[in-house]
Amino acid sequence: MLRLLATRMAAIIPTLLFATFTIFGLQHIGPADPATVVLGENATEERIASLREQMGLNDPLIVQYGKWLGDVATGDLGESIIRSERVATTIKTSLPVTLQLVLSGVFISVAIGVPLGILAATRANKPTDVMVTSGSAIGVSIPSFWLGLVLITAFAINWKIFPARGFATPGDGIGEAFRHTILPAFVVSTSGIAIVTRQVRGAMIEALSADSIRTHQAKGLPWRTILWKHALRNSAVTIVTVIGLLVNTTLGATVVIEAVFAIPGMGFRVINAASGRDFPVIQGVVLTYVLIVLAINLLIDIAYRIIDPRIQ
Amino acid sequence: MTAPTVGDTMQSDSVRPPKASRLQKLDWLWADTRAKVALGWVLVVLFVAIFAPFIAPADPIEQNLRSILAGPSSDYLLGTDDIGRDFFSRMLYGARVSMFGAFLAVSVSMMIGIPVGLIAGYVGGVIENVLMRIVDSILGFPAIVLAIGLVAALGPGLTNAMVAVGVTFSPSVARLMRGQVLATKNHLYVDAAEQYGSPVWRTVLRHILPNAIQPIIVQAALLLAVAFLAEAALSFLGLGAQPPTASWGGMLSRSSQFLQVSPAVQLYAPGLAIALTVLAINALGDSLRDSLDPVAGTERRLHRTLARAAKRLGSNDGDTGRHKPQTPTVAPPDLQPSTAGRARS
């Protein structure tokens, strides 16, 4: 297992290097000069030139990248251009917020999607299945930010059950955290539910068509045992794959939803940073997203081998 | 991302290339009601997008400050927005922005993804390794996050935003294309062409590309739906279409600032327009996929017939369904729902 972990980690390194290079390169592909962004359009040419020197912008790109990567490796992500705050601090405060939302969203997707998928699979091509399948087609087609607005109108403005904006973590009290999380988490999970349902349905239909299932039926095992024990276990690989995918999807979904609900997570920060061309923040936050995705992929890879020893 | 992709395994061992006539005859469209309805809606939206200046009752950026946030009336079919512009006309013009944006993003992704996939698949070796490493690392970004980063670099605006979205889509196209090329290049007809001395470019363009392209077309249709959502989301966030241009996402963003006072229809109309169009494009993509994959299509017809027969016999058996193998999907599993998912919201 340790050896496996080591080889997987080694395989991630080139991916990570290229990803960091992309992130670093973001501020150099556009028309805007980073020094001008910092000083504003009205700065004198001498000041811009001296700042360029100071920022090392006259060095070859690869040298700049090396320096940046070195700083990043020691946890120094620079300072925000717009707010006088270290980027590391920004991430430290916004990451838990986003993670709370993502985990809640993934939980809801799995909790609703898996049973729905199994239900649809056992009634394949019957009305129930058609309803579930159509529902998941609608789920991936609704713009989630719009659904967020509709739910805010219904549950926060008309019926004042949940707050319309802002966020609370469990540190602020469990009840408060729950009230603030439930709406955005549900919105974030709409596409997730649809994805999980679709994939689980497919995997279960395949698992249920296996010969072994017929044998189990013939020897008189109760249908419930066959379904939940044998068929579900044979679809476990798919389900694990879907969960990995789901984290990526949900992370993306939170970006926009954080803006809708004014939740001070990483998505909210990166959108503000994008309008202000605050590249240190953009780079830091995007890097954090990539690290999360890579970590999840690694975990999924390991989970495969635990669930299904046949995978080499 | 290490899971084998379904796209990679879609290969048939026939010596002759599959016939393209299915696509050309458009049989698939008329075989299925869902596809017909979906096509109808997409055509309506396209028509509106193209002819917006002729059918819109008012100028989409003309302000009438004496009528602000008014409800629907005979003058203003869907009321007016916060600075007194005709909401209905803005809806019609918004179709333009969305359609243009979505097509732009998909074109960009094809222009990058197809050549990269072709080269990686055909040339192989070190080049393939390097290219696929790059593809994999871009797939490690949540698409919307990378798109936002790119927009920050290029500057906000519809064209920049949708080029950025196209770039984030391209790895999925490249991956699928490579898989298809790998599956195609071992066919006998490719070998034959090479033996006859066909130059590499001709082998690739004449023999490999046409026989590997079908899943890419399906992928393009499905990506179009995702691009539509991405355009709406980026315009909603203020990074896409800039005011005063009317876009559905931008209109939702304005309505959302006046949720308590603006007419309800102004919250529902743009959202429903986006949702229905995306649903229709997805449905078309699905039908196209089924039609290009004869096995799935036949099976579906078989099920329908069996179900009908069972009904007629008064049997309550639906067991037929349980033995249906999983319909192969064209998009790699990490993209199909998820491209959807990644860029959406």
*Output for the stretch B:60-73, where each listed residue is surrounded by fewer than 15 Cβ atoms within 10 Å (Cβ to Cβ) and either in contact with a strand residue (DSSP E or B) (Cβ under 8 Å, 6 or more places away or on another chain) or among the hydroxyl-bearing types (Ser, Thr, Tyr) (or both)*: B:Glu62, B:Ser73
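Here's the yes/no breakdown for (1) among the small types (Gly, Ala, Ser); (2) under 30 Å from A:Leu299 (Cβ atoms); (3) surrounded by 15 or more Cβ atoms within 10 Å (Cβ to Cβ):
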site	(1), (2), (3)
A:Met1	no, yes, no
A:Leu26	no, yes, yes
A:Asn42	no, no, no
A:Glu53	no, no, no
*Return yes or no: is A:Val255 under 15 Å from the mean Cα position of the chain (by Cα), under 21 Å from A:Ala177 (Cβ atoms) and facing another protein chain (nearest Cβ under 8 Å)?*
yes
*When B:Leu118 is evaluated against the numbered criteria (1) away from chain A (no Cβ under 14 Å); (2) over 30 Å from B:His207 (Cα atoms), which criterion, by number, is the only one it fails?*
(2)
*Does any residue of the stretch A:195-207 turn out to be of a type in the set (Lys, Arg), more than 30 Å from B:Phe258 (Cα to Cα), in contact (Cβ under 8 Å) with a residue 12 or more places away in the chain and within 11 Å of chain B (Cβ to nearest Cβ)?*
yes
*Within the stretch A:259-270, how many residues are under 18 Å from A:Pro143 (Cα atoms) and part of a helix (DSSP H, G or I)?*
4
*Return the total of residues in the stretch A:272-297 being at the interface with chain B (Cβ under 7 Å from one of its Cβ atoms), within 27 Å of A:Ala156 (Cβ to Cβ) and surrounded by fewer than 24 Cβ atoms within 10 Å (Cβ to Cβ).*
1
_Near pairs, Cβ below 8 angstrom, 6+ apart or cross-chain, from the stretch A:269-293 (at positive phi) to any residue that is surrounded by 23 or more Cβ atoms within 10 Å (Cβ to Cβ)_ = A:Arg277/B:Ala152
*Could you look through the stretch B:153-169, keep only residues that are surrounded by fewer than 24 Cβ atoms within 10 Å (Cβ to Cβ) and touching a residue at least 24 places away in the same chain (Cβ under 8 Å), and pick out the one that is nearest to B:Val135 (Cα to Cα)?*
B:Val167
*asked:* Which count do you get for residues in the stretch A:113-149 that are within 30 Å of A:Ala164 (Cα to Cα), β-branched (Val, Ile, Thr) and surrounded by fewer than 17 Cβ atoms within 10 Å (Cβ to Cβ)?
replied: 1
_Residue count for the stretch A:118-137, restricted to those that are in a helix (DSSP H, G or I), within 12 Å of chain B (Cβ to nearest Cβ) and touching a residue at least 12 places away in the same chain (Cβ under 8 Å)_ = 8
_Condition met for A:Val87 (buried (at least 16 other Cβ atoms within 10 Å of the Cβ), among the hydrophobic types (A, V, I, L, M, F, W, C) and in contact with a strand residue (DSSP E or B) (Cβ under 7 Å, 6 or more places away or on another chain))_ = yes
*asked:* Suppose the filter is surrounded by fewer than 17 Cβ atoms within 10 Å (Cβ to Cβ), closer than 25 Å to B:Ile138 by Cβ, small (Gly, Ala, Ser) and more than 9 Å from chain B (Cβ to nearest Cβ); does A:Ala10 pass it?
replied: yes
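Just to verify a result, which residue in the stretch B:272-285, among those that are more than 18 Å from B:Phe100 (Cα to Cα) and crowded, with 18+ Cβ neighbours inside 10 Å, is nearest to the other protein chains (Cβ to nearest Cβ)?
B:Ala283
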*Collect the residues in the stretch A:150-190 that are within 14 Å of chain B (Cβ to nearest Cβ), free of Cβ contacts under 8 Å to residues at least 24 places away in the same chain and assigned to a helix (DSSP H, G or I), keeping them in residue-number order.*
A:Val150, A:Thr153, A:Ala154, A:Ile157, A:Asn158
*Which is within 30 Å of B:Ile114 (Cβ to Cβ), surrounded by fewer than 20 Cβ atoms within 10 Å (Cβ to Cβ) and touching a residue at least 40 places away in the same chain (Cβ under 8 Å), of B:Leu223, B:Leu209, B:Leu234, B:Leu205?*
B:Leu209
*When the stretch B:252-263 is examined, which residues are found to be of a type in the set (A, V, I, L, M, F, W, C) and within 8 Å of another protein chain (Cβ to nearest Cβ)?*
B:Leu252, B:Leu259
_Let me confirm something: among B:Ile119, B:Ile144, which residue is closer than 22 Å to B:Leu239 by Cα and either small (Gly, Ala, Ser) or modelled with pLDDT of 85 or more (or both)?_
B:Ile144
*Which residues, taken from the stretch B:218-251, are facing chain A (nearest Cβ under 9 Å) and either farther than 19 Å from A:Ser141 by Cα or modelled with pLDDT under 90 (or both)?*
B:Gly238, B:Leu239
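Per-residue answers, yes or no, for (1) surrounded by 20 or more Cβ atoms within 10 Å (Cβ to Cβ); (2) modelled with pLDDT of 90 or more; (3) β-branched (Val, Ile, Thr):
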site	(1), (2), (3)
A:Met204	yes, no, no
A:Ser209	no, no, no
A:Leu245	yes, no, no
A:Phe268	yes, yes, no
A:Leu299	no, no, no
A:Ile307	no, no, yes
*So which of A:Ser109, A:Ser94 ends up being in a helix (DSSP H, G or I), at negative phi, touching a Phe, Trp or Tyr at 6+ places or on another chain (Cβ under 8 Å) and crowded, with 17+ Cβ neighbours inside 10 Å?*
A:Ser94
_Matching residues, the stretch B:77-126, being closer than 17 Å to B:Leu272 by Cβ and touching a strand residue (DSSP E or B) at 6+ places or on another chain (Cβ under 7 Å)_ = B:Phe87
_Here are the criteria: (1) within 14 Å of another protein chain (Cβ to nearest Cβ); (2) free of Cβ contacts under 8 Å to residues at least 24 places away in the same chain. Tell me which single one A:Thr74 does not satisfy._
(1)
*Looking at the stretch A:209-252, which of the residues that are in a helix (DSSP H, G or I) and basic (Lys, Arg) is nearest to A:Leu99 (Cα to Cα)?*
A:Arg233
*Hey, can you tell me all the residues within the stretch A:247-260 that are modelled with pLDDT of 90 or more and more than 17 Å from B:Ala232 (Cα to Cα)?*
A:Thr250, A:Leu251
*Conditions: (1) of a type outside the set (Val, Ile, Thr); (2) more than 14 Å from chain A (Cβ to nearest Cβ); (3) outside any helix (DSSP H, G or I). B:Met111 meets all but one. Number of the miss?*
(3)
*Is there any pair with a first residue in the stretch B:265-287 that is farther than 15 Å from B:Leu229 by Cα and a second that is among the acidic types (Asp, Glu) whose Cβ atoms are under 9 Å apart and which are 6 or more apart or on different chains, and what are they?*
B:Gln266/B:Asp81; B:Ser287/B:Asp32
*Just wondering, is there one or more residues in the stretch A:236-250 that are more than 19 Å from the chain's Cα centre (by Cα) and more than 8 Å from every other protein chain (Cβ to nearest Cβ)?*
yes
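The values are calculated or read from the model by the stated rules, or taken from the named source; none is laboratory data. Only a predicted model underlies this, so the values are computations on that prediction, with no experimental measurement involved. We place every Cβ from the backbone using ideal geometry, glycine too, and count neighbours over all the protein chains shown.
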